[in-house]
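Working notes, structure below.
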Amino acid sequence: MRGMGRKRRGRETRAPTIDDVAARADVSIKTVSRVINREANVREETASRVMRAIRELNYRPNPAARNLAGRRAFLIAALYDNPSDNYMVGVLHGVLAASEAAHYGVLLTPFEMTSPRLANQVREMISLHRVSGLVLTPPLCDHPALLEALDEDGTDYVQIAPKDETRGKPFVAIDDRRAGHDITEYLLSRGHRRIGFIKGHPLHGAAARRERGYHDALSEHGIAVDPKLIVSGQFTFESGVESGRRLLHLRDRPTAVFASNDDMAAGVLHVAHEMGIAVPAELSVAGFDDTPIARSVYPGLTTVRQPIRAMAHGAVECLIRAMRGRASRRAEGPTQEHFDYELVIRNSVARIATP
């Protein structure tokens, strides 16, 4: 009899797990858990696929495992792939201050925007660390596959300066288009008519809005856009140097350059010094962000002060309100916020005689 019992046990198959259900339904473990726990914000088609996999596998959830999976580590992850260390320092200070005030820990995590596995990598990170919610910095905040995955899983997140503000998701931003207009308008008010423009990284939504603001200001003054005066950058000092050389070696070079972040503007100053072009007597330069580099270069950089630290602080507050509102099923306050900006006038811009 004992031999027969051993034989029967040998034929027994392993009980299906939540991993098996996730694999069968082609979703994350977290999505399976949300369906089992009847949580909101799971697409109907996804929930049906998960329930079908549960029935086919005859899966029986373990109550203890469900309770464990449902716990959160009170941890916020800030995701970034941003070439500007100056920008990210401000973001980190803001995220840390707001998270500490709300008794959340912070996980600062770099990801590659161009990785084909980005969405799965983020999902794995969330599962491994039991992350409560995400702060998405540009350009990750605009990655279509990542946003789709987070929405499918019901993951809470807030975007900083997203390309699309109409998705109904939590975000913080400034009016980049208006700010780009205002700094260009300031250069125009100082007599400049040939104003070079250095674009930001093409995957950053704010970069396109700043360029539109540049166009708006020129158009209001009846000035045709000269394509030779617009060059592409990557929001890095090195791309500012390369773009500065292209602009300053033009036969009819600009009298002013507006770079769409401070790092690139600093690159232009470097090239001007290298070429013996006096700033601001022979060339005016303006940037964007008012990061520490704007106060470190010579001459001090005229720029747009974007309240990076305050925006990051506000992003965490918006995220926590969104998470608490979801948990209590009632509104906890605004989860979208626009911040004010201001022009900071320093010594890198001079008035020139108008023709």
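Measuring nothing but how far apart in sequence close Cα pairs (under 8 Å, 6+ apart) lie, relative to its length, the stretch 219-346 scores a relative contact order of 18 percent.
Against the chain, whose longest principal axis is taken from its Cα atoms, helix 262-275 shows a tilt of about 40°. Across the accessible surface of the chain, with the other protein chains kept in place and a 1.4 Å probe, carbon and sulfur atoms take up 50 percent.
Think of the chain as a dipole: +1 on every Lys or Arg Cβ, -1 on every Asp or Glu Cβ, centred on the Cα centre; then among ALA119, HIS181, GLY314, ALA119 lies furthest on the positive end.
Helix-only arithmetic for the chain: the sum of -39500 (n - 2.57) across DSSP H runs with n ≥ 4, divided by the residue total, places the mean residue ellipticity at 222 nm at -15000 deg cm²/dmol. Seen against the Cα atoms of the chain and their longest principal axis, helix 118-129 is set at about 60 degrees.
Separation of the stretch 248-299 and the stretch 127-173, taken as the distance between their Cα centroids, equals 34 angstrom.
Note on the stretch 171-226: Cα Rg divided by 2.2 N^0.38 Å, N the number of residues, gives 1.12.
Per-residue surface analysis assigns GLU165 an accessible area of about 60 Å², computed on protein heavy atoms at 1.4 Å probe radius. Sites listed here are trypsin sites (Lys or Arg not before Pro) in the stretch 147-187 whose DSSP assignment is loop and whose Cβ has at most 15 other Cβ atoms within 10 Å: ARG167.
Entry comment: accessible area of the chain is 49 Å² per residue, from protein heavy atoms only and a probe of 1.4 Å.
Sorting HIS215, HIS192 on solvent-accessible area from highest to lowest, probe radius 1.4 Å, gives HIS215, HIS192.
Taking GLY191, GLY168, GLY240 as the candidate residues, the one with maximal mean-square fluctuation in a Gaussian network model of the chain, Cα springs under 10 Å, is GLY168.
Among ARG34, ARG60, ARG245, the residue with the largest mean-square fluctuation in a Gaussian network model of the chain, with springs joining Cα atoms closer than 10 Å, is ARG60.
Projecting the Cα atoms of LEU140, GLY287, ALA224 onto the charge dipole of the chain (Cβ charges, centred on the Cα centre) puts LEU140 farthest toward the positive pole. Computed over all pairs of different Cα atoms, the Kirkwood value for the hydrodynamic radius of the chain is 22.7 Å. Think of each Lys and Arg Cβ as +1 and each Asp and Glu Cβ as -1; about the Cα centre, that makes the dipole of the chain roughly 2160 debye.
DSSP finds beta bridges in the stretch 205-349, and of those with both partners inside it, around 40 percent are antiparallel. Between 0 and 90 degrees, the angle of helix 2-11 with respect to the longest Cα principal axis of the chain falls at about 30 degrees.
The values are calculated or read from the model by the stated rules, or taken from the named source; none is laboratory data. Computed from a prediction, not measured in an experiment: that's the story for all the values here. For neighbour counting, all protein chains shown are included, and Cβ atoms are generated from backbone atoms with ideal geometry for every residue, glycine included. Protein only, heavy atoms only, side chains kept; ligands, DNA and RNA dropped before computing areas. Shrake-Rupley method; radii C 1.70, N 1.55, O 1.52, S 1.80 Å.
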